[in-house]
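Everything on this sheet refers to the single structure shown next.
The values are calculated or read from the model by the stated rules, or taken from the named source; none is laboratory data. These numbers come from a predicted model, not from an experiment. Reconstructed Cβ throughout: ideal geometry from the backbone, glycine too, with neighbour counts over all protein chains shown. For accessibility, only protein heavy atoms count, side chains too; no ligands or nucleic acids. Shrake-Rupley method; radii C 1.70, N 1.55, O 1.52, S 1.80 Å.
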Amino acid sequence: MNRGLSQKSLMMRSSLRSRRLVSAVPMYVHYLVAGRIGQFIVEDPMVLGHESAGIVSKVGPKVKHLKPGDRVAMEPGATCRVCEDCKRGRYELCPDIVFAATPPYDGTLARYYPIPADLCYKLPDHLTLEDGAMMEPLSVAIHAVANLAGLRANQTVVVFGAGPVGLLCMAVAKALGASRVIAVDIVPSRLEFAKSFAATEIYVPPPLEQGESRITYSERNANAMKEKLGIEERGKKAIDLVVEASGAEVSIQTGIFIARTGGTFVQLGMGAPQVVIPITTLLTKELNFKGSFRYGPGDYELAIALVEQGKIDLKPLITHRFTFDQAIEAFETTKVGKSPDGKPVIKAVISGPDVPVDVI
Ligand SMILES: *[C@@H]1O[C@H](CO)[C@@H](O)[C@H](O)[C@H]1NC(C)=O
Ligand SMILES: [Zn+2]
């Protein structure tokens, strides 16, 4: 893949400037359409972009591990480093985080982006800038599956939701040696992809029946799943880890019903802010129920290591590529979920302003 890049340097504001090159298009569609994501409201014009990689343009005098021309994955959240959360190693919880493309902070979809040097991870030579941009969503999956859930070799995993983050969680589970990676989604074509990518088994839930409450449905669904896939509550056929990456209430409920006694449940999907959960089941099974938000210490490094070692292949996830001038089309395509030729979007990437478009 020849990107024919030219290097150019510019003035420096922070410890390092990176020339942004590729940026994946994630949930910004919410900002474009609704002007908000939860409590984050767009009040002024804001540059988008937070899943990015770039080429170092200039470094500050104390930066030793990087030099102009280095290709880097860019971790997009600059934390304060002095608060309680930062100091105890949970910097993703920092209340003063400056996160790219989260109001009021501009994102990375620009020619230059100032970023603290320690948030730039040099890419191994055989990884592309697109791989680098994908380290952001991959780090979300690493944080949930490897870090918070602490998945171990030969454990079994169910992932609800086969969107980009769900798929990446499946890939991490597989890379860490999971013996079963069961993908659940209501869209069969997504499951087909999941199977070709990282899932060992797939499952399409039945439809909700007329007049059936969600919780009744979820229990029925969990029982159907147990039957069809030979899942039990204990022993070798039990599910050690449930990763909920859809945000759907019925998936959260089903996940609690399907997890093993003493198992782990990690919530990644963002859906309705309030849901009904079978709390007695959670209590009597002594589930470890965890929320997962962004990524913390070591997550980017592990993401890069697993891709570097060939344990995770990010390339199949990039379905659409756009030039900087086509950015509006990129957002439109992501919003609709497929390009005019009917190809479904998993991840779309936009090249930087002055990058030749010779990506294949
Ligand atoms: C590994 O997991 C499978 C189930 O997925 C189980 O049948 C097998 O016994 C496990 N092996 C060990 C050593 O635990
Ligand atoms: Zn902090």
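On inspection, ARG81 does not qualify as among the basic types (Lys, Arg), on the phi < 0 side of the Ramachandran plot and either within 16 Å of ligand 2 (Cβ to nearest atom) or buried (at least 16 other Cβ atoms within 10 Å of the Cβ) (or both). Out of the residues in the stretch 229-254 that are within 16 Å of ligand 1 (Cβ to nearest atom) and part of a helix (DSSP H, G or I), state the one that is least open to solvent (accessible area, probe 1.4 Å). Only one residue fits best here, namely LEU229. Could you tell me whether any residue of the stretch 271-279 is hydrophobic (A, V, I, L, M, F, W, C), outside any loop (DSSP other than H, G, I, E, B), more than 18 Å from the chain's Cα centre (by Cα) and in the same structural domain as VAL165 (by TED's automatic domain parsing)? Yes, some residue in the stretch 271-279 is hydrophobic (A, V, I, L, M, F, W, C), outside any loop (DSSP other than H, G, I, E, B), more than 18 Å from the chain's Cα centre (by Cα) and in the same structural domain as VAL165 (by TED's automatic domain parsing). In the stretch 112-134, is there at least one residue being under 14 Å from ALA245 (Cβ atoms) and either within 16 Å of ligand 2 (Cβ to nearest atom) or not in a loop (DSSP other than H, G, I, E, B) (or both)? No. Of everything in the stretch 82-93, what is touching a residue at least 12 places away in the same chain (Cβ under 8 Å) and farther than 21 Å from MET135 by Cβ? Give them in sequence order. CYS83, the sole residue that qualifies. How about the stretch 288-320: which of its residues are in contact (Cβ under 8 Å) with a residue 40 or more places away in the chain and at positive phi? If the condition is that a residue be in contact (Cβ under 8 Å) with a residue 40 or more places away in the chain and at positive phi, then ARG294, GLY298 are the ones that fit. Can you name the residue in the stretch 174-199 that is touching a helix residue (DSSP H, G or I) at 6+ places or on another chain (Cβ under 8 Å) and open to solvent by 40 Å² or more (accessible area, probe 1.4 Å) and, of all such residues, is farthest from ligand 2 (Cβ to nearest atom)? Across the stretch 174-199, the extreme among qualifying residues is SER196. Taken together, PRO61, PRO45, PRO103, PRO68 contain a single residue that is away from ligand 2 (no atom under 16 Å from the Cβ), open to solvent by 20 Å² or more (accessible area, probe 1.4 Å), within 22 Å of the chain's Cα centre (by Cα) and assigned by TED's automatic domain parsing to the domain that holds LYS122, which is PRO103.
The number of residues in the stretch 137-173 that are closer than 19 Å to ALA53 by Cβ and either open to solvent by 10 Å² or more (accessible area, probe 1.4 Å) or hydrophobic (A, V, I, L, M, F, W, C) (or both) comes to 8.
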